[in-house]
């Protein structure tokens, strides 16, 4: 009989994937005892309706480039293949029921969990691994995830965000060394986030 797999799930638009994403994945793998960390590019997250994101094929390609050096990182495109709005609970329920899932989230995202679709079901299905984020108090996260299985990851606060990096590229500034080198080259070669 095969044993259950314990996976860290790190979701996001990955537009672009950056060094804070990789640091989060590495911390999750080393500190949580998971078998692997799955990077899961979001499809059409309902809470980001009205927000423009790059084409799925670009986000998927960049995520694969970013994670390729670590054998314990994998990329899962199940949300990108789903039609309509994507909800975290639907994604979690598509994994095997015997698999142990740990949702890796930033403290800012953790505070919003109670607003998620079927939030109580999400909290019952997974454990949470929370990353410190600048300006977010631990007490706020503790209150939002009250009753959930939660662990704080030991990682410095990293202030990188996709929004910041896209803005930098649009204004002509370099994001080299803020994203993995293959991702930086991909952004340049495909003209992503160009000046408007």
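Every read-out reported here was derived from the displayed coordinates using simple, explicitly stated rules and does not represent laboratory data. Just so we're clear, the structure is a prediction, and the values are computed from it rather than from any experiment. Here Cβ is always computed from backbone atoms with ideal geometry, including for glycine, and neighbour counts include all displayed protein chains.
Overview of results
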{"quantity": "Degrees separating the helix 181-190 axis from the principal Cα axis of the chain, which is the longest one", "calculated": "60 degrees"}
{"quantity": "Reported label for calculated Cα extents along the principal axes in Å given (1) 58, 44, 21; (2) 47, 40, 34; (3) 72, 39, 20", "calculated": "(2)"}
{"quantity": "Residues residue 94 and residue 161, FRET efficiency given R0 of 22 Å [Cβ-Cβ distance, rounded to 0.05]", "calculated": "0.20"}
{"quantity": "Extension gain, residue 117 back to residue 81 (0.36 nm per residue minus Cα-Cα distance, nm)", "calculated": "11.0 nm"}
{"quantity": "Percentage of interatomic Cα-Cα distances in region 93-174 larger than 17 Å", "calculated": "53 percent"}
{"quantity": "Pair residue 139, residue 174: separation of 7 Å Cα→Cβ label points (nm)", "calculated": "4.4 nm"}
{"quantity": "Sorted by Cβ density within 10 Å, fewest first, the residues 102, 130", "calculated": "102, 130"}
{"quantity": "Residues of region 96-113 with amide N under 11 Å of the 7 Å Cα→Cβ point at residue 74", "calculated": "96"}
{"quantity": "Of 105, 37, 169, the one that fluctuates the most in a GNM where the chain has Cα springs shorter than 10 Å", "calculated": "169"}
{"quantity": "Ranking of 63, 86 by count of other Cβ atoms within 10 Å, fewest first", "calculated": "86, 63"}
